[in-house]
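One structure below.
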Amino acid sequence: KEKYVHSESFFSFGWSHGKEKLEGKPDLKKGSYYANPVLDRPYEDEKIIRDHSSFAHPNIWPSEEDCPGFEKAFKRLGGLIVKTGEFLARHCDAYVSTQLVKRGGDAARKDVSLVDVVTKCRCHKARLLYYFPRDTDEEDDEGEEEKEKKDDISGWCGWHNDHGSLTGLAPGMFFNEKGEEVECPDAKAGLYVKSRTGEVVRVVTPPGCLAFQIGEAEQLMTGGILQATPHCVRPPSKKGVSRSTLAVFMEPEWAHLVAAPRGIDDTELKRGANGELLPPGVPALLSRWKEGMDFGEFTEKTLGAYY
């Protein structure tokens with residue numbers, strides 16, 4: 001796996017394990033493989049590739065000998081998620097335009113259309129995630145309160161927001177120690193999100209469906225009309241069960257200005273931006289973004305905070 005590690009791009013292409021920090025701690029509980037699901041080489045200019053390697057670097061695929069069928073399956077599912085995201089983005093844009101009119105903002109928002117981000121931007125990133133099985137069972141004789149304290153809800157992946165515009169997610173798949181797919185063995189395991197009111201909700205994606213969540217760039221570029229989705233992943237209580245999913249991060253080009261629509265009050269934009277909905281140790285949005293930043297600068301600050 002080490003031959004597919006690419007540190008020059010902040011580990012944004014190829015294999016990555018233990019490089020990221022979540023809730024202030026190194027994340028050793030999952031491994032990831034990153035690639036652009038749509039374009040293998042989005043730019044030919046070598047200077048662009050060097051200067052913006054976390055966006056523009058060509059894909060790094062494992063060989064057929066190392067992982068048969070990996071590249072083809074990755075592109076097929078990743079491309080489907082992007083295409084589905086386009087349909088959802090049209091509804092999001094229509095809703096945002098309606099809300100901007102009500103709030104006295106610029107309803108056109110042509111420079112920040114989510115549809116444009118999904119369909120025209122060349123540097124989307126897909127992340128194949130594998131959550132390693134726990135080594136031991138939770139103690140059966142412990143009370144629920146003690147279990148929550150010992151192995152809290154974010155035991156597989158710490159609370160965070162995605163920093164792009166729109167994230168698409170395939171349903172999580174669970175596997176036993178033989179690598180065979182199994183039903184989720186624990187009704188409390190899996191993806192959790194926080195609502196705007198701080199309510200914690202377990203997300204169950206039906207078979208054959210996709211889930212989507214909003215990222216921080218879209219929160220900023222809609223003036224907070226759409227809000228980034230805080231989320232984490234909880235492991236099952238029993239050992240020997242792993243989980244896998246594919247996440248696709250649809251995001252602007254690096255030169256795209258990350259700014260609120262004209263004429264809108266920024267109160268909602270900054271809601272939760274000081275980390276109010278996230279645990280200590282998670283880099284707050286306002287610690288990584290300021291007025292006038294483009295998405296490349298925002299990404300650099302974000303990667304620097306997490307890696």
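The values are calculated or read from the model by the stated rules, or taken from the named source; none is laboratory data. The shown structure was predicted, so the numbers you read here are calculated from the model rather than taken from an experiment. Glycine gets a Cβ as well: all are built from the backbone with ideal geometry, and neighbour counts include every protein chain shown. Accessible surface areas use protein heavy atoms only, side chains included; no ligands, DNA or RNA. Shrake-Rupley method; radii C 1.70, N 1.55, O 1.52, S 1.80 Å.
The figures follow:
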quantity: Highest average packing first - 251-257, 74-80, 11-17, Cβ atoms within 10 Å; calculated: 11-17, 251-257, 74-80
quantity: Farthest toward positive dipole pole in the chain [+1 Lys/Arg, -1 Asp/Glu at C-beta], among Gly168, Val201, His91; calculated: His91
quantity: Cross-link pairs beyond the 24 Å C-alpha cut-off, checked among Lys30/Lys178; Lys19/Lys270; Lys3/Lys75; Lys19/Lys301; Lys30/Lys188; Lys30/Lys83; calculated: Lys19/Lys270; Lys30/Lys83
quantity: Cα-centred dipole magnitude for the chain, charges only on beta-carbon of K, R (+1) and D, E (-1), debye, nearest 20; calculated: 740 debye
quantity: Percent carbon-and-sulfur accessible area, the chain, ignoring ligands, DNA and RNA, probe 1.4 Å; calculated: 53 percent
quantity: Order by protection proxy (mean Cβ within 10 Å, highest first), peptides 231-237, 168-174; calculated: 231-237, 168-174
quantity: Which labelled figure in [x] 1.08; [y] 1.00; [z] 1.17 is Cα Rg over 2.2 N^0.38 Å, once derived from the coordinates; calculated: [y]
quantity: Amide hydrogen neighbours beyond the local backbone of Arg262, cut-off 5 Å, H modeled; calculated: Asp106
quantity: Unit charges on C-beta of K, R, D, E only; dipole of segment 1-98, Debye; calculated: 340 debye
quantity: Peptides 183-189, 53-59 ordered by average Cβ neighbours within 10 Å, highest first; calculated: 53-59, 183-189
quantity: Solvent-accessible area per residue for the chain (1.4 angstrom probe, square angstrom); calculated: 48 Å²
